[in-house]
Amino acid sequence: MKSLFAAIIFCSFALPLEAETILGGVAKVDITRAGEDAGENPLWAKALVLSRGDTHVVIVTVDAVAIAEIGSIRDPYLANVRSELQKSIGVPPQSIIINASHCHGIVAPDVEAKTIEAVTKAWEKRVPVKTGVASGTENSISINRRLRLKSGRESDVRHAYALPNDEEVASVGPIDPEIGILRIDRMEDGEPLALVYNFACHPIMGIPSGGNTADLSGFASNVIERNLGDGKAMALFVQGCGGDINPVLYKSVTQPRDGEPLGTRLGLSVLEAARRIETQPGGGLSLLARNVSLPRADLAERIAEMEKEIDELLISLKGTTLNFETFLPLFVKYQMSGEYPSATSYRYLQDELLQREDWKKLDSDNRKAMEAYLKNIRSMEELTRKQINLALIRKHQARNVKAGETVEAEVVALGVGNFKMVTFPAELTVPIGLNIKKNSPHKHTYVAGYTNGYLYYAPTASQLENRGGAQEDSDCLLAPEWQAIFEDLALSLLEKL
C-alpha cells in the first residue's frame, strides 16, 4: 500500500540556466462581471511573463475564489488557457502558473479569454529586467482561525456557525507573518516593472456595502501600485498557505466589515520591504513540475461517529421554563445587578429580618432556569457545527468512493534568482508552509496554495485527527498521509532549483 501513495511523477523537466538577460513583461485585464460593480477595487487577471533564452515562465494571478470547483471559474479553464497559450506564443503548459487570490469576487463569464489576453499582452511587452528578493513582515491583519479547545478537540471561526464558548477555548494556532517579495525592475531606467508578493490570509472581509470586490489583497495591490516607483509597476498578490488564516476582524459585529484598512496595512508593509531590495541583472530562471498521486480519505467510520454524536446532543436537549423573551432580560439583569438582582437591597434585608428567603429562592430558581436554557443553547450551537461539517464530510466521502484511492495534484517549484516558490492546488494550512520554509535549503522560500487547480482544504495530518470539528479538516478529500508525501516532494524540488 505504501507504494500506492508514493509520489508518481508524470512530468518532470528542469529549464536550462543560460547566462542571458532576463526579459519581463506585465499586463492586466479587468475580469469583474458586468453588472457586479466592484468600484475602486475591481477584479483583475494579472500576468507576468519572464524569459531567459528559451526558458519562459508565466505567473498569472486572478482575483477569484479558486481555479474551478467552487466560485465562478469553471473547468476546463486551466487546460484551455494553457492550450491556447502554447499554440499562440509557444509556452509549455507546465510553465504557466495560475494562482487564485481566494477573494470571493464574481468574475466575468469570459475570464478564460481575458486571462489569455493578459498573458499575450505581457508577452508582447517584454523588456530587459533586473530582479531582487526580500522578506517583509505583517503580523497585525491575520489570525489563525482554528481554536484549540480544553477538551483536546479543535473548532474554527466561521460565519456558518457560532464560536465555542470562551470557557472552552485554550489557545489559537500560529500565523505566518512573512511576506515573500520578488521585485522586478526595468533594466533601462531602473524603475519597477512588477512586484510579486506572497502572503497567507483569507481575503474574505468584503466591503461595507457587501458588494463585489477584490477584497483586502486587491486593496493592498492598489496601495503598492500607486506608490511604487513611477506608478507604472504592477503588483501581483500570490496567495500563500491561508487555509486556516482569517482577517482579524472577520467575526466582528461592532463595526462594518471592510477589507480596505487591512489591505492598506498589508500594502504598506510590502512597500517598506520592497524599497530595501537592490535588484541585479542576470540570475537564474528555472521551473520544475511534478504530478503526484495522493491518498484519498475513507470517511465512513467518522461519519458514523458523528451521526452518533449528533443523536446524543439531540437527546441532551431538555425542556425549560424559559423562552428567549424571558431568558434575555433575566440574563442581563443577573449579569449586571450583583448581590441583589431581583429587587432593591432593602427587600432582601427585610426578608432576613423576618427570617424568610423568598427573594433568594426566586434568584436560585431563576439561575437554574437560565443555566438549563444556556445548556440547550450550547448544545444547539454544537449541533450546528457538527451538522454543517458532517455535510462536508459526506460530500467528500461520496466523491472519494466514486473516484478511487488517489487524487492527482500538480506541484510546481519556481526559481527566479534567489526567489524560490513551490505551489499546490489546495487550501494549504499555515503549518504546511512553515514546515517547508524551515526545511528548505534556500533562504527565500515561499509556498503558494490555490494554484493550478483546486482540491479543497489540505490540512496537516494532526489537524485531520479532528475531522468534523473545523471546516479545514471536514472540507477535505485527502487522507493524513498526503502531508508527508507533499512536503517531501516540495523539498526535493527545491533542492534541485
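The values are calculated or read from the model by the stated rules, or taken from the named source; none is laboratory data. A quick note: this is a predicted structure, and the numbers were derived from the prediction, not measured. Because the Cβ atoms are built from the backbone with ideal geometry, glycine has one as well, and the counts that use them run over all protein chains shown.
Can you find a residue in the range 280-294 that is within 24 Å of Leu434 (Cβ to Cβ) and surrounded by fewer than 17 Cβ atoms within 10 Å (Cβ to Cβ)? So far as the range 280-294 goes, no, none of its residues is within 24 Å of Leu434 (Cβ to Cβ) and surrounded by fewer than 17 Cβ atoms within 10 Å (Cβ to Cβ). Screening Pro192 against (1) touching a strand residue (DSSP E or B) at 6+ places or on another chain (Cβ under 7 Å); (2) modelled with pLDDT under 95 leaves a single unmet condition, (2). The condition of being outside the structural domain of Ile245 (by TED's automatic domain parsing) and assigned to a loop (DSSP other than H, G, I, E, B) holds for only one of Leu314, Leu349, Leu322, Leu330, that being Leu322.
Residue by residue, here is whether (1) crowded, with 22+ Cβ neighbours inside 10 Å; (2) under 19 Å from the mean Cα position of the chain (by Cα) holds:
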| site | (1), (2) |
| --- | --- |
| Ser140 | no, yes |
| Val157 | no, yes |
| Ala162 | no, no |
| Val169 | no, no |
| Asp176 | yes, yes |
| Leu195 | yes, no |
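When the range 323-366 is filtered for residues that are surrounded by fewer than 14 Cβ atoms within 10 Å (Cβ to Cβ), aromatic (Phe, Trp, Tyr) and under 52 Å from the mean Cα position of the chain (by Cα), only Phe324 remains.
The number of residues in the range 18-48 being part of a loop (DSSP other than H, G, I, E, B), in contact with a Phe, Trp or Tyr (Cβ under 7 Å, 6 or more places away or on another chain) and within 16 Å of Ala118 (Cβ to Cβ) comes to 1.
Each residue in the range 214-249 was checked for being part of a helix (DSSP H, G or I) and touching a Pro at 6+ places or on another chain (Cβ under 6 Å), and 3 of them qualify.
Please verify whether the range 73-81 includes one or more residues that are surrounded by 19 or more Cβ atoms within 10 Å (Cβ to Cβ), under 18 Å from the mean Cα position of the chain (by Cα) and modelled with pLDDT of 95 or more. There is at least one residue in the range 73-81 that is surrounded by 19 or more Cβ atoms within 10 Å (Cβ to Cβ), under 18 Å from the mean Cα position of the chain (by Cα) and modelled with pLDDT of 95 or more.
Is it the case that the range 160-167 has a residue that's assigned by TED's automatic domain parsing to the domain that holds Ile245 and not in a loop (DSSP other than H, G, I, E, B)? Taking every residue of the range 160-167 in turn, at least one turns out to be assigned by TED's automatic domain parsing to the domain that holds Ile245 and not in a loop (DSSP other than H, G, I, E, B).
As an exercise: evaluate Gly180 against (1) surrounded by fewer than 20 Cβ atoms within 10 Å (Cβ to Cβ); (2) of a type in the set (Gly, Ala, Ser); (3) not in a loop (DSSP other than H, G, I, E, B) and give the number of the one condition it does not meet. Condition not satisfied by Gly180: (1).
Take Thr384 and tell me if it is in contact (Cβ under 8 Å) with a residue 24 or more places away in the chain and either outside the structural domain of Leu287 (by TED's automatic domain parsing) or not basic (Lys, Arg) (or both). In short, yes.
If the condition is being at pLDDT 95 or above and of a type outside the set (Asp, Glu), then the range 4-33 contributes Ile22, Leu23, Gly24, Gly25, Val26, Ala27, Lys28, Val29, Ile31, Thr32, Arg33.
Going by the conditions given, is Ala461 under 30 Å from Gly71 (Cα atoms), part of a helix (DSSP H, G or I) and small (Gly, Ala, Ser)? So Ala461 fails the test. Being in the same structural domain as Ile184 (by TED's automatic domain parsing) and out of contact with any Leu (no Cβ under 6 Å at 6 or more places or on another chain) is the requirement here; does Arg302 meet it? Here the answer is no, as Arg302 does not meet what is asked.
Against the numbered list (1) crowded, with 21+ Cβ neighbours inside 10 Å; (2) touching a Gly at 6+ places or on another chain (Cβ under 9 Å); (3) outside any helix (DSSP H, G or I), Ile432 comes up short only at (3). Among residues that are touching a residue at least 24 places away in the same chain (Cβ under 8 Å) and either at positive phi or not in a loop (DSSP other than H, G, I, E, B) (or both), Gly211 is not included. Check the range 251-261 and report whether any residue there is in a helix (DSSP H, G or I), of a type outside the set (Phe, Trp, Tyr) and either in contact with a helix residue (DSSP H, G or I) (Cβ under 8 Å, 6 or more places away or on another chain) or in the same structural domain as Glu191 (by TED's automatic domain parsing) (or both). There is at least one residue in the range 251-261 that is in a helix (DSSP H, G or I), of a type outside the set (Phe, Trp, Tyr) and either in contact with a helix residue (DSSP H, G or I) (Cβ under 8 Å, 6 or more places away or on another chain) or in the same structural domain as Glu191 (by TED's automatic domain parsing) (or both).
Restricted to strands (runs of 3 or more DSSP E) entirely inside the range 49-142, those with at least 3 residues that are closer than 27 Å to Lys232 by Cα and hydroxyl-bearing (Ser, Thr, Tyr) are 127-137.
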